[in-house]
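What follows is calculated from the coordinates using simple rules that are stated; it is not laboratory data. What you see is a predicted model, and the numbers here were worked out from it, not measured in a lab. All Cβ positions, glycine included, derive from the backbone under ideal geometry; neighbour counts span all protein chains shown.
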Amino acid sequence: TINNTGLRGHYFCSVYASRMMVAQGKGLIVVISSMGGLRYIFNVPYGVGKAACDRMAADMGVELRKRGVASVSLWPGAVQTETIKDYMSHEEGPIGRDPKVRDFY
């Protein structure tokens, strides 16, 4: 479900938007991702989906550059919600062990 909504949605919206942007000769595609594409955070599907979003943004940037369209992957960071606070409270979790991330919250 994560990849069916996140990755698939990013892909189809990017394809549709890129067609309009190429026609006007300029544009910027922003794909929302996270550091979960580089290291384990929540689970395998989450990491795979974020890594794929990052790769898609990079490859689209290469393919569309000559047509005036840029593509970037934006990592906005975590939002301090009850779920994140609960997740951070567990020492055994992958984020719970990272002192840089723990100090942030």
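Which ordering of Tyr11, Tyr16 is given by a fewest-first count of other beta-carbon atoms within 10 Å?
Tyr16, Tyr11
For region 2-74, the spread of Cα positions along the three principal axes, ordered from largest to smallest, is 40, 19, 15 Å. Determine which residues of region 29-66 fall in the zone a paramagnetic label at Met20 would reach in this model, i.e. backbone nitrogen under 14 Å from the point 7 Å along Cα→Cβ. From region 29-66, the list is 29-30.
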